[in-house]
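J.: To start, I am sharing the structure in question, which I have written as structure tokens.
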Amino acid sequence: MKLPPDIHQIRFPINPEVWGSFFALVGDTISLVDAGPSSCGFEILTDYFLSENLDLQILHSLVLTHSHYDHAGGASFLKAWDPGLLLIALKETAVQLQHPEDQEESAPRVLVHRIVKDGEMVLLGGRKWKVLNTPGHVPGLLSLFDEDRKILLATDALQGNGTIDGIPIYSDLRAYYSSIDRIEDMAPEMIIVSHPFEPDQKPFYTGKDVQYFLSSCRDAAEKLTARILDILGESRSGITAKDLTEKIRAERHCRSSWFYTLRSISAHLKWLEEEASIRCIPASPLSSHTDPEIKVCHWALS
């Protein structure tokens, strides 16, 4: 099974075990979905277009799904190469890209020209795509849905079991669950992702694999919640988000970014606190860390 001929997935290496990707939607004009990292995105794009006999001169627009460097890092290079390129994003991403110094792992500053809203239809590569706001991984993550073909271009909205560490990455677990539910209700027949998410590391899913992948997204989050509760149950005096992160990373032999694991663990802690399953015991200033969105405290069962 291959992607439709008008959808091109352009891969690049993030590390020896994980690839990232961005997309070209090809018709009378070409629209990009994301731009790859600043370090190599433009070079990879031009090499790919040359190998596929695609014309860069009909490049019309660039949709930025979110502000992470591996998705929006190449946007400033593309904009410098083609000042007329139309940049499209949700408001959250547009604001983040105006103030990248306030965001961990953000792409360089770039101006978004067209801010779109959830439910809006956009013409990309000669086809109509529906804009979806699918937060969880980050606030305001833009996915695209082709209603005629039931194709969802999800990029990072769905995390499966994560990549090499088996830990999905999100900043808001409640929003992540809501996005999974919404996507299930839309009944896509193909889901396209930007990374090799476990358990199958596929670039896209079709048929019965669609529901299997959606279920794996929810199952991975639920299993991580269960392990966090187990660890809190074993701790008499509570445990900080930092120490909890270190313990889970050691158990899973994690090799990816420590920050992303901390962000996911903290999303679980926030959700569990809202559900009144755990409580926050104020910690000393020595337990602090650099992320202002993550509470400094010891976590214990309620």
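Computed from the coordinates by the stated procedures, all read-outs in this text should not be read as laboratory data. Keep in mind it's a predicted model, so treat the numbers as computed, not measured. Cβ: placed from backbone, ideal geometry, glycine included. Neighbour counts: every protein chain shown.
J.: Can you tell me what share of the DSSP beta bridges in the chain is antiparallel? A percent to the nearest 5 is fine.
T.: On the way: 34 of 48 bridges.
Expressed as a percentage, antiparallel bridges in the chain total about 70.
J.: To continue, here is another question. Looking at segment 39-117, which trypsin sites (Lys or Arg not before Pro) are in a loop (DSSP not H, G, I, E or B) and have at most 16 other Cβ atoms within 10 Å?
T.: On the way: sites: LYS79, LYS91, ARG109, ARG114, LYS117; in loops: ARG109, LYS117.
For trypsin sites (Lys or Arg not before Pro) across segment 39-117 that sit outside H, G, I, E and B with at most 16 neighbouring Cβ atoms in 10 Å, the list reads ARG109, LYS117.
J.: Follow-up question, since we're still on this one. Given the pairs LYS223/LYS295; LYS91/LYS223; LYS117/LYS150, which span a C-alpha to C-alpha distance of over 31 angstrom in this model?
T.: Flagged as over cut-off: LYS91/LYS223.
J.: Provide the net charge surrounding LEU59, with neighbours chosen by a C-beta distance below 14 Å and charges set as Lys +1, Arg +1, Asp -1, Glu -1. Before the final figure, lay out each step's value.
T.: Numbers: positive: LYS79; negative: ASP28, ASP34, GLU52, ASP55, ASP82.
In short, -4.
J.: At a temperature of 25 °C and a viscosity of 0.890 mPa s, determine how fast segment 106-242 diffuses translationally according to Stokes-Einstein, using the Kirkwood radius over alpha-carbon pairs as Rh; express D in µm²/s, rounded to the nearest whole number.
T.: Working: Rh = 16.2 Å.
The Stokes-Einstein estimate is 151 µm²/s.
J.: Still on this structure: According to the Cα gyration tensor, what semi-axes, each the square root of 5 times an eigenvalue, does the equivalent ellipsoid of segment 7-222 have, listed from largest to smallest in whole Å? If you can, show how the numbers build up before the last one.
T.: Details: eigenvalues 122, 70, 62 Å².
The answer is 25, 19, 18 Å, longest axis first.
J.: Mind checking which helices in the chain clear 30 Å along their axis (Cα) and have mean Kyte-Doolittle hydropathy of -1.0 or more, DSSP H runs only?
T.: Working: long enough: 208-234 (39 Å, -0.10).
Long hydrophobic helices here: 208-234.
J.: Taking the Cα centre of segment 177-240 as origin, work out the dipole magnitude from +1 charges on Lys and Arg Cβ and -1 charges on Asp and Glu Cβ, in debye rounded to 20.
T.: Numbers: 7 positive and 11 negative charges, 38 e Å.
The dipole magnitude comes to about 180 debye.
J.: Over segment 203-270, what lengths in whole Å, largest first, do the semi-axes of the equivalent ellipsoid take, defined as the square roots of 5 times the eigenvalues of the alpha-carbon gyration tensor? If you can, show how the numbers build up before the last one.
T.: Numbers: eigenvalues 148, 40, 18 Å².
Taking √(5λ) for each Cα gyration eigenvalue gives 27, 14, 10 Å.
J.: Suppose every Lys and Arg Cβ carries +1 and every Asp and Glu Cβ carries -1, with no other charges. What dipole size does segment 101-194 come out with about its Cα centre, to the nearest 20 debye? It would help to have the intermediate numbers written out before the result.
T.: Numbers: 10 positive and 16 negative charges, 91 e Å.
My answer is approximately 440 debye.
J.: Here's a follow-up. Of GLY162, THR46, SER302, which is farthest along the charge dipole of the chain in the positive direction, counting Lys and Arg as +1 and Asp and Glu as -1 at C-beta?
T.: Farthest towards the positive end: SER302.
J.: Give, rounded to the nearest 20 debye, the magnitude of the charge dipole that the chain has about its Cα centre when Lys and Arg contribute +1 at Cβ and Asp and Glu contribute -1 at Cβ.
T.: Numbers: 29 positive and 42 negative charges, 68 e Å.
That gives the chain a dipole magnitude of about 320 debye.
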